[in-house]
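Notes follow once the structure below has been shown.
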Amino acid sequence: MGQRDAGATRARILAAAVTEFAAHGHSGGRIDRIAKDAGSNVRMIYAYYGNKSGLFDAALSDAIRRMADEVPPRPTELPAWVGELFDFHQRQPEVLRICLWAQLERPEAASEPLETYLAKVESLQQQASPVIGAVDLLVIIYAVAQAWQLAPVGLLSADGSASHETRRAAAVEAITRLLA
C-alpha cells in the first residue's frame with residue numbers, strides 16, 4: 001500500500017467532496033457523507049485536508065483546474081471556446097455550483113487568482129481592447145457560457161423546449177457579435 005493508494009484515496013475524496021459541496025455548500029456539506037461516498041473514513045479526510053474548510057478549498061481548486069484542463073482557452077477562436085465551455089457546464093454542472101457556493105460562503109477561498117485564471121487572462125491579452133480588457137473579456141465569456149445554468153427554470157421554459165444545440169448556438173453567436 002504505497003503512494004499510489006494514497007493518491008487514489010485523495011482523488012476519490014476530492015471527487016466525493018466536489019459532488020457533496022456542489023449540492024450542499026460548505027455549511028451543508030457533511031464530511032461523513034463524503035467519507036462514505038469516497039469509500040474512505042473521516043479520519044483520512046482530516047489527515048489529508050486538515051479540516052472541512054481545507055477540504056472545501058481543495059475541492060474548489062480541483063474543480064476549477066479540471067475545467068481549465070478539459071476546456072483550455074482558444075484565444076483565436078473565442079466563439080468556439082464559449083461553445084466548449086457551454087458544453088462543459090451542461091455536462092458537469094457541479095463545477096459551476098461549487099464555485100457559486102464558494103462566492104456565497106467562502107469568498108476568501110475564491111479571492112486569490114489561481115494560476116489557471118492568470119494563464120487565461122494572459123492568453124486573452126491579444127483579444128482585449130481599450131474598453132474590454134482581458135479580465136473583462138474572460139468574465140463576459142464565462143457569463144455567456146454559464147448563463148443557461150444560472151437562468152431561472154421558468155424563463156428557460158418560456159421558449160418551449162429549446163434544445164441544447166439551439167442554446168449553445170445562441171452562446172456562440174453572442175460572442176461572435178461581441179467580437180465583431
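The values are calculated or read from the model by the stated rules, or taken from the named source; none is laboratory data. None of these values were measured; they are calculated from a predicted model. Cβ atoms come from the backbone with ideal geometry, glycine included; neighbour counts cover every protein chain shown. Protein only, heavy atoms only, side chains kept; ligands, DNA and RNA dropped before computing areas. Shrake-Rupley method; radii C 1.70, N 1.55, O 1.52, S 1.80 Å.
Quick notes
- Conditions (1) among the hydrophobic types (A, V, I, L, M, F, W, C); (2) in contact (Cβ under 8 Å) with a residue 24 or more places away in the chain; (3) crowded, with 17+ Cβ neighbours inside 10 Å: number failed by A68: (3)
- Filtering the range 97-108 for residues that are among the β-branched types (V, I, T), within 22 Å of A58 (Cβ to Cβ), within 11 Å of the chain's Cα centre (by Cα) and part of a helix (DSSP H, G or I) leaves a non-empty set.
- Failed item in (1) free of Cβ contacts under 8 Å to residues at least 60 places away in the same chain; (2) open to solvent by less than 70 Å² (accessible area, probe 1.4 Å); (3) not basic (K, R), with L78 passing the rest: (1)
- Of the numbered criteria (1) out of contact with any helix residue (DSSP H, G or I) (no Cβ under 6 Å at 6 or more places or on another chain); (2) in a helix (DSSP H, G or I); (3) farther than 24 Å from R167 by Cα, the one I132 fails is (2).
- Tabulated pairs, the range 43-54, first within 11 Å of I31 (Cα to Cα), second of a type in the set (F, W, Y) and open to solvent by 50 Å² or more (accessible area, probe 1.4 Å), C-beta under 9 angstrom, 6+ apart or interchain: K52/Y46
- Restricting the range 30-65 to residues that are of a type in the set (D, E, K, R) and over 30 Å from D136 (Cα atoms) leaves a set whose member that is surrounded by the most Cβ atoms within 10 Å (Cβ to Cβ) is K52.
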